[in-house]
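Novice: Let me begin by handing over the structure; questions about it come next.
The values are calculated or read from the model by the stated rules, or taken from the named source; none is laboratory data. Please read all numbers here as calculations on a predicted model, not as lab measurements. Every residue, glycine among them, receives a Cβ derived from its backbone with ideal geometry; neighbour counts consider all protein chains shown.
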Amino acid sequence: MTDMAVVVGASGGIGRAIADRLREAGRPIVALSRCCPDGWPGSDWIPVDVLDESSLASAAARLAGAGAPTRIIVATGMLHGPGVSPEKTMRTLSLESLTTLFAVNAAGPALVAKHLLPLTPRDRSSVFAVLSARVGSIGDNRLGGWYAYRASKAALNMLIRTLAIEHRRTRPLGICVALHPGTVDTALSAPFQSGVPEGTLFSPRQAADALLAVLDGLGPDANGGFYAWDATPVPW
Ligand SMILES: NC(=O)c1ccc[n+]([C@@H]2O[C@H](COP(=O)([O-])OP(=O)(O)OC[C@H]3O[C@@H](n4cnc5c(N)ncnc54)[C@H](OP(=O)(O)O)[C@@H]3O)[C@@H](O)[C@H]2O)c1
């Protein structure tokens, strides 16, 4: 029986490391991303923009022909980009930043779930995991700032929790979870690493290993949860 893994956002720092780790472990894996990751076999890549539902529908149709994925990891996301940078104060809030980050960080993974979750097997365990962020925790917000990113991740967390409840009705062994990868040395975090305490910045490979270990340790009761890289639950 095929035990296929799918990594959405396999061109990113953490997504690529997860995809590489799964491939090294000999698992059938398909990478989904806007561009084929460097050096990745084109036969194991499907073009996807998470904000383009037609690309997700095409990807789902292609994946359906390859077998039921038992592990779907969504590693897409955005913190900064053209016209978007994390707000230090409400004076810099903008509709553009808010809508862009809500689209990429919350709507995108939810649309991935809409198209890919139905492919998971009904009679076997499976995991649908999205990379969220601890700064999306409302209970853990002590510093403020980063309005759009925080709020988009909080919205993502609610979407995952809601998806988990519906998913459970047809897949008693399937789980949907949100993960916090820690602070990881990628393009996303690069401009903001100066304040990171010594020894706490993970390489993408370290983060990938930690996150895959977390996923390996989660049972059906983990459905709808939010977990950090060390498997500890993160408060909502
Ligand atoms: N790095 C950290 O310290 C950290 C901490 C907490 C949480 N996270 C979360 O972890 C996840 C991965 O972050 P990262 O550090 O690996 O960032 P990254 O290297 O910037 O990767 C981001 C990925 O998202 C993809 N992406 C963005 N918009 C997309 C779209 N519309 N359609 C398809 N793909 C899209 C990018 O694709 P392209 O290559 O096509 O641009 C890229 O593959 C994010 O959700 C981030 O919020 C990261």
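Novice: Please work out which residue is nearest to the ligand (Cβ to nearest atom), limiting yourself to region 172-205 and to residues that are among the hydrophobic types (A, V, I, L, M, F, W, C), surrounded by 12 or more Cβ atoms within 10 Å (Cβ to Cβ) and assigned to a loop (DSSP other than H, G, I, E, B).
Specialist: L188
Novice: Go through region 206-227 residue by residue and tally those that are touching a helix residue (DSSP H, G or I) at 6+ places or on another chain (Cβ under 7 Å) and crowded, with 18+ Cβ neighbours inside 10 Å.
Specialist: Here the count works out to 8.
Novice: Within region 88-103, can you find the residues that are under 26 Å from A60 (Cβ atoms) and crowded, with 21+ Cβ neighbours inside 10 Å?
Specialist: Answer for region 88-103, where residues must be under 26 Å from A60 (Cβ atoms) and crowded, with 21+ Cβ neighbours inside 10 Å: just L101.
Novice: Give me the pairs: first residue in region 183-196 and over 20 Å from D209 (Cα atoms), second residue hydroxyl-bearing (S, T, Y) and assigned to a loop (DSSP other than H, G, I, E, B), beta-carbon distance under 9 Å, and six or more apart or on different chains, which are they?
Specialist: P191/S85; V196/S189
Novice: Which residues, counting only those in region 53-72, are free of Cβ contacts under 8 Å to residues at least 60 places away in the same chain and either more than 16 Å from the ligand (Cβ to nearest atom) or surrounded by fewer than 15 Cβ atoms within 10 Å (Cβ to Cβ) (or both)?
Specialist: Step one: list which residues in region 53-72 are free of Cβ contacts under 8 Å to residues at least 60 places away in the same chain, which gives 54-55, 57-65.
Matches in region 53-72: S54, A57, A61, R62, A64, G65.
Novice: Taking N157 as the residue in question, decide whether it is more than 23 Å from L22 (Cβ to Cβ), under 14 Å from the mean Cα position of the chain (by Cα), more than 9 Å from the ligand (Cβ to nearest atom) and at pLDDT 95 or above. If you could, list the steps in order and put the result at the bottom.
Specialist: Numbers: more than 23 Å from L22 (Cβ to Cβ): yes; under 14 Å from the mean Cα position of the chain (by Cα): yes; more than 9 Å from the ligand (Cβ to nearest atom): yes; at pLDDT 95 or above: yes.
For N157, the condition - more than 23 Å from L22 (Cβ to Cβ), under 14 Å from the mean Cα position of the chain (by Cα), more than 9 Å from the ligand (Cβ to nearest atom) and at pLDDT 95 or above - is met.
Novice: More than 10 Å from the ligand (Cβ to nearest atom), in contact with a helix residue (DSSP H, G or I) (Cβ under 8 Å, 6 or more places away or on another chain) and acidic (D, E): is that true of D20 in this structure?
Specialist: yes
Novice: Among the residues of region 115-138, how many are under 16 Å from R161 (Cα atoms) and part of a loop (DSSP other than H, G, I, E, B)?
Specialist: 4
Novice: Then there's this: Here's a check for you: in region 125-136, which residue that is surrounded by 19 or more Cβ atoms within 10 Å (Cβ to Cβ) and among the hydroxyl-bearing types (S, T, Y) is farthest from L93 (Cα to Cα)?
Specialist: Per the stated criteria, the residue is S126.
Novice: Any residue that is exposed (fewer than 15 other Cβ atoms within 10 Å of the Cβ) and at pLDDT 95 or above - is there at least one of those in region 105-112?
Specialist: No: region 105-112 contains no residue that is exposed (fewer than 15 other Cβ atoms within 10 Å of the Cβ) and at pLDDT 95 or above.
Novice: Give me the residue from region 162-171 that is part of a helix (DSSP H, G or I) and touching a strand residue (DSSP E or B) at 6+ places or on another chain (Cβ under 8 Å) and, out of that set, nearest to L79 (Cα to Cα). First the steps, then the outcome.
Specialist: First pass over region 162-171, keeping only residues part of a helix (DSSP H, G or I): 162-170.
Going one step further and asking which of them are touching a strand residue (DSSP E or B) at 6+ places or on another chain (Cβ under 8 Å), we end up with 163-164, 167-168.
Values: L163: 24, A164: 25, H167: 28, R168: 31 Å.
Taking the candidates together, the pick is L163.
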